[in-house]
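J.: Have a look at this one.
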Amino acid sequence: MIESKIKVLRKAAMVSTTQSSDKIWCVIAGNEEMVNNVAYSAISSKERVKILFREHVNLKESFVRKKFDLIMLYGDTDKLRELSLICKENGGAYLKIAPYYVKNESNLLLFVAPDNAIKKLAGDAEKSQIEFSFILEDKTTGFVETDVYLTDRLPQFVRDVVDPLFKMTDVALSTILISTEEKNIEKIKEVAKSNKVFVVEFNEILEEE
């Protein structure tokens with residue numbers, strides 16, 4: 001029992017040390033304006049931060065379109081901490097991925113989607129007996145933009161009434177980093193696709209750097 005607790009404390013100490021590394025990865029997700037602000041700050045500090053990719057995602061569910069942006073960065077820890085403040089002050093989700101996780105956790109996958117879609121993915125993966133481990137998680141506190149995409153074909157006066165109702169819909173995003181065995185990667189990616197969850201295979205990001 002004591003030995004088990006010591007192992008946990010040692011692992012926590014290792015994470016703490018490596019999280020203070022000079023270089024880390026981070027993922028920021030939320031509304032377009034917030035991500036624009038983060039991207040601008042990153043570009044203006046290009047010697048310290050590299051933008052690995054940025055995505056603008058449109059998800060269609062029933063009659064509703066949900067829009068959000070996400071950006072993945074790599075660079076100086078202190079600068080990325082500044083960008084995390086921009087993110088959090090504007091209701092975004094922020095994951096800091098320390099080198100420890102990249103070195104010690106196998107086959108990392110990143111999921112970004114509305115909270116209900118992430119929960120459905122986890123449930124479907126469990127039903128299919130696909131094993132994985134949650135590594136990191138964060139959620140937006142600000143809500144993403146939504147609209148009724150079928151109203152594009154309706155008269156303007158009808159759209160003026162209907163659209164604001166859905167733009168006030170509370171849609172929070174979840175950003176999840178998981179680890180899984182290599183044999184499960186394609187299986188869980190298929191489950192993510194069927195649930196309209198945006199997924200990134202972290203090893204592919206590392207290969208492109």
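The values are calculated or read from the model by the stated rules, or taken from the named source; none is laboratory data. Worth saying up front: this structure is predicted, and the values here are computed from it rather than measured. Ideal geometry is used to build each Cβ from the backbone, glycine not excepted, and the neighbour counts take in all protein chains shown.
J.: From V64, V49, grab the single residue that is farther than 27 Å from K193 by Cβ and among the β-branched types (V, I, T).
T.: Exactly one residue qualifies, and that residue is V49.
J.: Next question. Among the residues that make up the range 159-174, is at least one of them at pLDDT below 95, polar (S, T, N, Q), assigned to a strand (DSSP E or B) and surrounded by fewer than 17 Cβ atoms within 10 Å (Cβ to Cβ)?
T.: Within the range 159-174 (the criterion being at pLDDT below 95, polar (S, T, N, Q), assigned to a strand (DSSP E or B) and surrounded by fewer than 17 Cβ atoms within 10 Å (Cβ to Cβ)), the answer is no, since none of the residues qualifies.
J.: Now a separate question. Report, by residue number, each residue of the range 92-105 that is outside any strand (DSSP E or B) and surrounded by 16 or more Cβ atoms within 10 Å (Cβ to Cβ).
T.: Within the range 92-105, G92, A98, Y100, Y101, V102, E105 qualify.
J.: For F198, indicate whether it is at pLDDT below 90, aromatic (F, W, Y) and out of contact with any Lys or Arg (no Cβ under 6 Å at 6 or more places or on another chain).
T.: So F198 fails the test.
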